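**Q** After the structure tokens below, expect a handful of questions from me.
A short reminder: the numbers here are calculations on the coordinates, not readings from a lab. Bear in mind that the values here come from a model prediction, so they are computed numbers and not experimental data. With ideal geometry, Cβ positions are generated from the backbone for all residues, glycine too; neighbour counts draw on all protein chains shown.
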Amino acid sequence: MNIGGTLIAGPAKGALKGHITVPGDKSMSHRSIMLGALAEGTTKIEGFLPGDDNFATAAMFEAMGAKVTWLNGEKTSLTVEGVGLYGLKEPENVLDAGNSGTAARLITGILAGQNFHSVMVGDASLHSRPMSRVADPVRVMGAKVDGREGGNKMPLSIRGGKLKGIDFQSPVASAQVKSCVLLAGLFADGETTVTEPKATRDHTERMLPLFGQAVDRVDALTCRLKPAGKLVAPKDVVQIPADPSSATFFAVAASLVEGSDVVLNSIGINPRRDGWRRVMADMQADLTLEAKNKVGAEPVADIRVKATSLQGMKVNPQDIPDAIDEFPVLFVAAALSEGTFILDEAEELRVKESDRIATMAEALKACGANIEEKEDGAIIQGKSSLQGGGTVDAHGDHRIAMAMAVAAQKMDREIRIENAAAIATSFPSFVDLAQSIGMNVRWEAS
Ligand code: S3P
């Protein structure tokens, strides 16, 4: 996919130093808008991620009648005037989820419960991603969903209606699928139960109770929702903690660049998002937790990262969903470690914003890394440095672009990273924050 935007990155001119506050969590920002829109009353949100993915979610709910008011110029603080569970109106035009799989899949669950017709589109990347994983369960619940390839590809057409609760055994470890079914369950007659093959991020389960809707945890893999019949805007501000997925880029950069010492302020350490830290700890990274605290329903801590020599390892498959978005930059850590890094059972990486096994293998190989692609993962032999001077293609995938900017810090010359504009979907301030700790990265002047 060619969507423009070129980064020039690396090598680092010296040790990376400083304290850094990354923006709000993308997953929670989406959910805060969705639940706020469906609640009775006005929800106040702080720490919102001002990324294009989250703006897409906000715009879709505005098109269905919720009112979003930005309270500051940075668009990190806002109110959502909800319309109540049954107050959304039929959108006059197609809904556009942009690049966001989370928006598309979670909103499918909400649209399934509406007494109207809607069509949801996205960009070329989103149109290539599988949707039957959410279309199938909401059809069983009673919605009519269609799309290209029998409903597996967007644009999706959804005619919602009366839903019935289901006991859903998800074939895929996906928080998007779990959340879609739980959100549809808000509109269903009877209970909805979701069982996953591996535990995934639980932000939906943690945030729904703030809106008065309990979610029972039956066991580590199963949760159950008995619809309360309404959501109510919380009295307290919904606070969104800093996104661990954004923090990982700097954690890897600081681990790799000699002499670095960086503190990542107040990062979400929910165990279901903390897989990156477990993987890096197994790689012998020097990570220390300081100032543990809570932000809303989520645990946070300052994370101090000092440079050290990283070691190869085999990733525990149980950690994969908990680090699912961090593998592009963990591949960079592996390519610059000592020994062999082995990842398998990670075929989900092939259906992210790009095929992340293929796009990372292509980009890292172009810089001389030793990476062997496998159908469900990769084997990476570490090296002490990579070779710059060339051009790599981020394929319109934000995390590939940022991961390669980190890799470039350990190259002999700078690289060009093309099709990197999608960084704006999840981390628009990436370049500014990277520069603030001394990373060598800039946008190419157009
Ligand atoms: C997300 C879940 C993950 C993740 C995505 C955000 C969420 O997807 O990759 O960036 O907010 O629920 P899957 O659950 O489909 O793996």
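**Q** Could you list the square roots of 5 times each eigenvalue of the Cα gyration tensor of the range 130-273, that is, the equivalent ellipsoid semi-axes, sorted largest first and rounded to whole Å?
**A** Details: eigenvalues 216, 83, 40 Å².
Sorted largest first and rounded, they come to 33, 20, 14 Å.
**Q** Another question about this same structure. How about the range 334-415: which GluC sites (Glu not before Pro) there lie in a loop by DSSP and see at most 10 other Cβ atoms within 10 Å?
**A** Working: sites: Glu338, Glu345, Glu347, Glu348, Glu353, Glu362, Glu372, Glu373, Glu375, Glu414; in loops: Glu345, Glu353, Glu375, Glu414.
The qualifying sites are Glu375.
**Q** Give me the percent relative contact order of the range 385-446, please, defined on Cα pairs under 8 angstrom at least 6 residues apart.
**A** Computed value for the range 385-446: 35 percent relative contact order.
**Q** What value in Å³ per residue do you get for the convex hull of the alpha-carbon atoms in the chain?
**A** Values: hull volume 54.9 nm³, N = 446.
Per residue, the Cα convex hull of the chain comes to 123 Å³.
**Q** Please compute the length gained on full extension between Glu149 and Val237, using 0.36 nm multiplied by the number of residues separating them and subtracting their Cα-Cα distance.
**A** Stretched out fully, the Glu149 to Val237 stretch lengthens by 27.5 nm.
**Q** May I have the extent of the alpha carbons of the range 21-141 along their three principal axes, as whole Å values ordered from largest to smallest?
**A** The Cα atoms of the range 21-141 stretch 40, 31, 23 Å along the principal axes, largest first.
**Q** Here's a follow-up. May I ask you to evaluate 6.51 cos²θ - 1.76 cosθ + 1.60, the Karplus curve with θ = phi - 60°, for each residue of the range 332-338 and list the ³J(HN,Hα) values in order in whole Hz, giving x for glycine and proline?
**A** Result, rounded to whole Hz: 5, 4, 5, 5, 10, 9, 9.
**Q** Rank-order 109-122, 378-391 by packing density, defined as the average count of other C-beta atoms within 10 Å over each peptide's residues, highest first. Present the calculation step by step, with values, prior to reporting the outcome.
**A** On the way: 109-122: 21.9, 378-391: 16.9.
The peptides rank, most packed first, as 109-122, 378-391.
**Q** Now for a separate question. Given R₀ = 51 Å, FRET efficiency for Gln284-Thr69 by Cβ-Cβ distance, to 0.05? Could you put the intermediate results ahead of the total?
**A** Details: r = 48 Å, r/R0 = 0.93.
Once rounded, the FRET efficiency stands at 0.60.
**Q** Now, a different point. Counting DSSP beta bridges with both partners in the chain, what percentage is antiparallel, nearest 5?
**A** 70 percent
**Q** With axes computed from alpha carbons, what is the tilt in degrees of helix 175-185 against the longest principal axis of the chain, rounded to the nearest 10 within 0 to 90?
**A** 10 degrees
**Q** Take the alpha-carbon centre of the range 410-428, take the same for the range 46-88, and report the distance between them in whole Å.
**A** 28 Å
**Q** Sum up the charges of everything whose Cβ sits under 15 Å from the Cβ of Ile267, counting Lys and Arg as +1 and Asp and Glu as -1, but leave Ile267 out.
**A** Surrounding charge for Ile267 is 0.
**Q** So what's the angle, to the nearest 10 degrees on a 0 to 90 scale, between helix 132-141 and the longest Cα principal axis of the chain?
**A** Between the helix axis and the principal axis of the chain, the angle is about 20 degrees.
**Q** Restricting the calculation to Cα positions, tell me the Rg (one decimal) and the Dmax (whole number) of the range 26-238 in Å.
**A** Final numbers for Rg and Dmax: 15.5, 44 Å.
**Q** Based on the mean of other Cβ atoms within 10 Å per residue, sort peptides 51-61, 255-265, 294-304 so the most packed one is first. Each step should come with its number before you reach the end.
**A** On the way: 51-61: 23.9, 255-265: 20.6, 294-304: 18.9.
Going by the mean number of other Cβ atoms within 10 Å, highest first, we get 51-61, 255-265, 294-304.
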